[in-house]
Structures are given as C-alpha cells and as structure tokens.
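A short reminder: the numbers here are calculations on the coordinates, not readings from a lab. Bear in mind that the values here come from a model prediction, so they are computed numbers and not experimental data. Glycine gets a Cβ as well: all are built from the backbone with ideal geometry, and neighbour counts include every protein chain shown.
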Amino acid sequence: MKIKLRDIAHARSGDKGDAANVGVIAYDEKGYEIIKKYLTVERVKKHFEGICFGEVERFELPNIKALNFLLHNTLGGGGTISLKHDAQGKTLGAAMLRMELEIDE
C-alpha cells in the first residue's frame, strides 16, 4: 500500500552550513512507527538525488515522534555563498512531504 508522507507527518527544514536539515514530525504514534520503519537514509538519499551530493544522516527523536535528517553537500556551499535559489534549504521540508512510502498494510 502506498501512502503520502504528508498524510502522516509535517516537516521543517533549514540550513546548517552546506548541509540541509530536514525534520519530519509524525502526527501520532502510528505515524511515527511508519516513518521510523520506512523513512530510511537510503530512501531520503534517493528522493533528493540530484540535490544531495553528500552523505545523509538520520537521527531519531522519539520524545517528539520525529526523525531529523542532515543532507550533506546539498546547499551549494551554504547561504552566504551559494547561487542556488533555496540556499538555506527552506523548501526541502515541503519536498520531503511529497514522498510516497510503500508500506505493509
């Protein structure tokens, strides 16, 4: 079964130098269990193919039902020197929520 990430979570994003920071926060415990299982580093790296040229790191924040991803080498050098339209990665949270996850029913 396919579900849209935006139906079970919301997101925030920003910059950490040349790395984008994307937090995905589940609406409830069931959603958190889904993102914890299916929103993998490999899946996020593939979703941002052509944007993220470095390593992707994942951090779990169970107390707020969230995952935080750092997408290294994504912002063209960072906000003060990048020529990218979104040099601070503010739109990457919305881009993450467009992802569809294939889950077990």
For Tyr38, Tyr27, what ranking results if the residue with the fewest other Cβ atoms within 10 Å of its Cβ goes first? Tyr27, Tyr38
Run down the aspartates and glutamates and flag those whose C-alpha is under 12 Å from the C-alpha of Lys37, throwing out any fewer than 8 positions away in its chain. Glu60, Glu102, Asp104
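Neighbour counts of other C-beta atoms within 10 Å: give me Phe48, Phe53 arranged from fewest to most.
Phe53, Phe48
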